[in-house]
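Scroll down for the structure; my scribbles are underneath it.
A short reminder: the numbers here are calculations on the coordinates, not readings from a lab. All of these numbers come straight from a predicted model, not from anything done at the bench. Ideal geometry is used to build each Cβ from the backbone, glycine not excepted, and the neighbour counts take in all protein chains shown.
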Amino acid sequence: MNKKVIIVGGVAGGASAAARLRRLDETAEIILIEKGEHISFANCGLPYYIGEVIKEKDKLLVQTPQKMKQRFNIDVRVNNKVTKIDPENRTVEILNIVENKVYTETYDKLILSPGAEPIKPRLSGIESAKIFTLRNIPDTYRIKDYVDEAHPKRAIIVGAGFIGLEVAENLHQRGVNVTVVELADHVIGPLDFEMAAIVHQHLKVKDVELYLKDAVEAFEDNGANISVKLSSGRILKADMVIMGIGVKPEAQLAAAAGLTIGKTGGIFVDEYLQTSNADIYAVGDAIEVKDFVSGNQALIPLAGPANKQGRIAANNICGLKEKFEGTQGTSIVKIFDLTVAVSGNSERILKRNGIEYEKSFTHTASHASYYPGAIPMSIKLLFGKNDGKLLGAQIVGYDGVDKRIDVISTAMRAGMTVFDLEKLELSYAPPYSSAKDPVNIAGFTAANIIKKDSIIFHWDEVAGIDLKTGLLVDVREPQEFQLGTLTGAINIPLDEIRTRTTELSKDKTIYLFCAVGLRGYLAGRILMQKGYNDVRNLSGGYKLYHMAIATQSNEDVFDYDELNNTTQTTHAKYEAAAIKYDDAKTYTTSLGSATSSANVKLQLDACGLQCPGPIMTVFNAIKTIDYNDILEVKATDPAFQEDIKTWCKSTGNELLSVTFENNTFTARIRKGIQREDASAMQRKNNKSMIVFSNDLDKAIASFIIANGAASMGRKVTMFFTFWGLNILRNSNATGVKKDFISKMFGVMMPKGSKKLSLSKMNMAGIGPKMIRGLMNKKNIFSLESLIDQAQKSGIEFVACNMSMDLMGIKKEELIDGVTIGGVASFLGSAEESDMSLFI
Ligand code: FAD
């Protein structure tokens with residue numbers, strides 16, 4: 001006799017099982033029961049329909065009952081709900097929702113794929129019509145219609161998981177100001193804190209208000225809006241709320257039929273996906289699965305596993321004995337411009353399961369850094385402390401994250417170790433990767449840790465370092481050190497470490513660190529081979545540390561009443577400006593050659609420049625355009641998004657938008673006018689510097705600081721005295737009349753910026769060449785262009801009259817634009833300053 005199979009639930013797991021059954025058995029009677037209106041719809045695409053990224057409704061429907069009947073000969077019954085299972089008699093009770101009729105069907109085999117439902121906690125006011133959940137197509141239409149018709153100005157998303165953040169992005173895309181409230185200390189549960197920190201900073205850049213470690217306690221629908229009370233005591237007001245605090249397995253039907261329910265609340269199944277009743281299989285979000293890493297039972301609601309399980313259940317019903325070997329939780333999500341992906345266990349889960357692990361962090365470019373569009377991604381690997389077995393991976397970046405997580409998740413599935421990642425031969429050409437792919441680099445780094453080639457310490461251990469027994473050594477370049485370092489750290493750039501070991505006591509633990517971990521590792525190798533026994537390197541470098549210790553939440557951004565009084569939302573305003581701008585005639589001009597006339601718009605390309613390059617580019621360009629004109633600048637440095645926001649805020653310019661496309665950030669800035677009080681404030685914020693040294697490194701540091709301050713709109717005066725005057729000497733100046741002593745002095749001293757030596761490790765002129773080469777490679781402006789930009793930025797160069805006299809330096813020998821002044825001119829500028837530096 002032909003077998004009769006009933007499937008409960010017609011989407012991911014159910015529809016897969018039905019189609020596979022038919023492919024294996026043309027004679028079986030297959031009935032697919034779905035309580036909703038649609039089958040096989042694209043759950044994962046729903047948020048993007050709300051955001052109008054997916055524009056047509058039809059695109060969400062992967063299959064229709066008619067097509068399923070036609071192609072697979074499956075009896076699909078939508079608007080039918082299975083209300084009871086009788087395992088003894090192998091029957092199900094079904095309610096025809098439209099006709100309100102109950103009927104019974106017999107089965108030989110039953111597959112349950114009822115999914116999971118959004119959790120709606122029993123909070124006061126939860127029934128308000130302004131509170132939504134998102135699971136299916138009707139939910140999606142409800143939300144979209146509300147956005148289209150009620151034009152909400154502010155939405156509160158409760159829960160910062162995958163769905164919550166996808167909805168946040170899509171509502172933001174529709175011009176709604178978005179607030180996210182999350183109970184945990186970080187977003188995206190499967191990420192660990194420090195990796196989520198990267199996401200927090202990105203949400204800030206996108207103007208998403210974020211409350212962490214806070215929970216919703218109650219709602220109150222006030223008619224016009226809804227108040228949301230948080231456990232911190234805050235009361236937020238919004239026009240709509242989306243609940244995204246997770247899902248729970250739809251296991252009631254199975255439980256009522258006496259099937260075993262696991263401790264997690266999911267339907268218990270064996271490795272063949274059979275429930276405690278041999279004729280009933282269960283798949284998808286409703287079941288508890290074996291966690292592939294720990295072997296423990298877990299709830300991991302994802303579309304990939306649901307589809308595969310549907311297929312396996314069908315195979316087993318047709319006699320092909322196939323096991324489901326567990327779920328790794330490999331998942332990926334787009335959060336605005338970022339891509340976040342995970343596979344395997346996080347540290348939190350490993351700790352909970354008592355699994356010993358080690359971890360590594362790497363920050364690598366998505367492809368060869370010399371090919372346009374390369375942008376960094378951060379990879380965290382979790383692996384067995386001794387054997388290096390892959391246990392988990394987390395990647396946050398902009399480009400190429402998807403293929404790296406898939407490579408690692410495949411390796412994990414194959415039981416590989418970090419040593420295997422080192423060996424993987426991965427495709428390479430400059431637009432796609434590097435000869436050492438980010439996955440290889442992650443493997444090298446992790447393998448070095450296990451082999452003890454590198455002893456590491458982590459960002460959360462920094463605060464506990466005792467500086468009596470330990471020494472923090474920043475091995476980055478001086479200009480990087482100037483921009484921020486760990487408290488108590490000394491600066492010995494990597495290239496000087498061999499010659500400056502006298503500064504490093506062998507009795508102390510040496511804690512090395514650099515930007516991302518590579519230079520710290522190299523310095524560690526040098527010191528270990530020089531007999532230092534206790535040398536450690538900060539894993540993930542200062543970049544990771546800095547992200548992790550920054551303020552994570554982004555509170556009190558929106559005032560509801562203020563939002564409501566404005567006719568347009570902040571984002572709608574951005575859009576309007578952007579549209580107006582697009583309509584206007586635009587001119588492309590290179591930096592410095594722009595003319596200042598009404599309606600001139602500038603487009604600048606700062607791609608490839610590192611901080612503070614892009615900001616300085618903006619600063620210089622904005623001076624060349626008129627009030628209300630719009631400047632568009634493109635950059636690839638991820639720090640630019642945050643920097644440009646801060647810069648606009650502090651300089652009174654208006655940031656219209658920052659977009660991200662083709663690995664490039666594009667900021668649009670409307671030139672603002674300085675208010676009276678702002679200029680008064682500005683005077684007190686002036687900066688003055690005495691440049692005494694003519695060491696190349698110190699000169700670079702001076703000009704970086706000066707340019708940075710100038711780009712923030714501060715007036716800067718640089719007072720060059722004694723050896724510092726040599727920086728200003730014009731190398732082409734000839735025929736200057738001087739006495740013999742002055743001539744001798746002039747010959748012995750460096751003639752201009754290109755002749756300067758390094759304060760340390762000069763190595764007969766090799767050191768300066770190396771540092772200049774490094775700056776060039778890293779797209780940091782040369783000293784000459786820093787001087788040039790300083791002049792263009794209006795920084796005042798004052799050459800000390802008295803020192804010039806003493807050293808026999810004449811005005812004609814100096815570069816153009818230098819004022820000759822006495823100490824009074826310095827003191828005058830210092831009085832107007834809140835910072836005076838002596839370099
Ligand atoms: P579902 O696909 O939910 O199907 C269950 C069906 O059973 C439902 O249609 C329900 O109406 C029906 N049903 C329940 N009880 C009965 C009954 N008694 N009688 C008849 N019918 C019944 N996963 C990813 O991997 N990647 C993503 O990007 C992603 N994005 C998502 C975005 C959203 C908005 C949502 C809601 C989910 C997303 N998921 C994603 C999760 C993914 O959709 C689920 O893991 C997957 O659909 C689970 O498949 P399932 O068959 O178990 O359940």
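Tell me, what is the percent relative contact order of the chain, built from C-alpha pairs under 8 Å that lie six or more residues apart?
8
Taking 0.36 nm per intervening residue step and subtracting the Cα-Cα distance, what contour gain separates Ser232 from Thr64 on full extension?
Fully extending the segment from Ser232 to Thr64 adds 55.8 nm.
Toward the positive end of the charge dipole of region 372-453, about the Cα centre and with charges on Cβ (Lys, Arg +1; Asp, Glu -1), which of Tyr432, Gly415, Pro376 goes farthest?
Farthest towards the positive pole: Gly415.
Checking the table Lys334/Lys452; Lys206/Lys237; Lys543/Lys698; Lys359/Lys645; Lys385/Lys508 against a 31 Å threshold on Cα-Cα, which pairs fail?
Listed pairs above 31 Å: Lys334/Lys452; Lys359/Lys645.
For the chain, what is Rg from Cα atoms divided by 2.2 N^0.38 Å, rounded to two decimals?
For the chain, the normalised Cα radius of gyration comes out at 1.13.
When you count, for each residue, the other Cβ atoms within 10 Å and take the mean per peptide, how do 309-316, 145-152, 361-368, 254-261 rank with the highest first?
309-316, 361-368, 254-261, 145-152
Once the other residues with Cβ under 14 Å from the Cβ of Thr624 are scored (Lys, Arg +1; Asp, Glu -1), what is the net sum?
My count for the surroundings of Thr624 gives +1.
Sort Met377, Met835, Met416 so the one with the fewest other Cβ atoms within 10 Å of its own Cβ comes first.
In order of increasing Cβ crowding within 10 Å: Met835, Met416, Met377.
Compute the signed sum of charges (Lys and Arg +1, Asp and Glu -1) over the other residues within less than 12 Å, Cβ to Cβ, of Pro614.
-3
For the chain, with only Lys/Arg (+1) and Asp/Glu (-1) charged at the beta-carbon, what is the dipole magnitude about the Cα centre, in debye rounded to 20?
Rounded to the nearest 20 debye, it is 1920 debye.
Using Cα atoms only, what is the angle between the long axis of helix 766-777 and the major principal axis of the chain, expressed in degrees (0 to 90) to the nearest 10?
So the inclination is approximately 40 degrees.
For helix 783-792, report the angle its Cα long axis makes with the longest principal axis of the Cα atoms of the chain; keep it between 0 and 90° and round to the nearest 10°.
The helix 783-792 is inclined about 90 degrees to the chain.
Find which of Pro301, Ile198, Val269 sits farthest along the positive direction of the dipole of the chain, computed with +1 on the beta-carbon of Lys and Arg, -1 on that of Asp and Glu, about the Cα centre.
Ile198
Among Ile622, Ile245, Ile526, Ile727, what is the fewest-to-most ranking by other Cβ atoms within 10 Å?
By the 10 Å Cβ count, ascending: Ile526, Ile245, Ile622, Ile727.
From the cross-link list Lys101/Lys321; Lys380/Lys403; Lys755/Lys778, which pairs have alpha carbons spaced over 26 Å apart?
Lys101/Lys321
Determine the gain in length on full extension of the stretch Ile820-Ile549; use 0.36 nm per residue of separation and subtract their C-alpha separation, reporting nm with one decimal.
93.0 nm
Which whole-Hz ³J(HN,Hα) couplings does region 221-230 yield from phi under the Karplus relation 6.51 cos²θ - 1.76 cosθ + 1.60, θ = phi - 60°, glycine and proline marked x?
Using θ = phi - 60°, the values come out as 7, 9, x, 6, 8, 10, 9, 10, 8, 9 Hz.
State the volume of the convex hull built on the alpha-carbon positions of region 156-217, expressed per residue in Å³ and rounded to an integer.
69
Show me, for region 387-401, the HN-Hα J-couplings you get by feeding each phi into the Karplus relation (A = 6.51, B = -1.76, C = 1.60, θ = phi - 60°), rounded to Hz, glycine and proline as x.
Those phi angles translate into 9, x, 4, 5, 10, x, 8, 9, 10, 10, x, 10, 9, x, 5 Hz.
Tell me which aspartates and glutamates have Cα within less than 19 Å of Lys687's Cα, excluding those fewer than 8 residues away on the same chain?
Asp677, Asp788, Glu796, Glu831, Glu832, Asp834
Distance in nm between label sites at Val98 and Ile526, each 7 Å beyond Cα in the beta-carbon direction?
Result for the modelled spin labels: 7.7 nm.
Pick out, in residue order, every one of the GluC sites (Glu not before Pro) in region 79-122 that is DSSP loop and has at most 15 other C-beta atoms within 10 Å; say none if there are none.
Glu88, Glu99
Under a straight-distance cross-link criterion of Cα-Cα below 13 Å, which aspartates and glutamates are reachable from Lys810, leaving out those fewer than 8 residues away in the same chain?
Leaving aside aspartates and glutamates fewer than 8 places away in the same chain, those within reach of Lys810 are Asp739.
Would you mind ranking Lys334, Lys385 by Cβ crowding within 10 Å, fewest neighbours first?
Result, fewest neighbours first: Lys385, Lys334.
Under a plain spin-label model, where a point goes 7 Å from the Cα along Cα-to-Cβ, how far apart in nm are Lys213 and Glu642?
Between Lys213 and Glu642, the simple spin-label model gives 1.9 nm.
Cα to Cα, under 19 Å, and not fewer than 8 places away if on the same chain: which aspartates and glutamates meet these conditions relative to Lys263?
Glu117, Glu250, Glu271, Asp285, Glu288, Asp291
Which of Gly470, Ser753, Leu504 sits farthest toward the positive end of the charge dipole of the chain, with +1 on the Cβ of Lys and Arg and -1 on the Cβ of Asp and Glu?
Ser753
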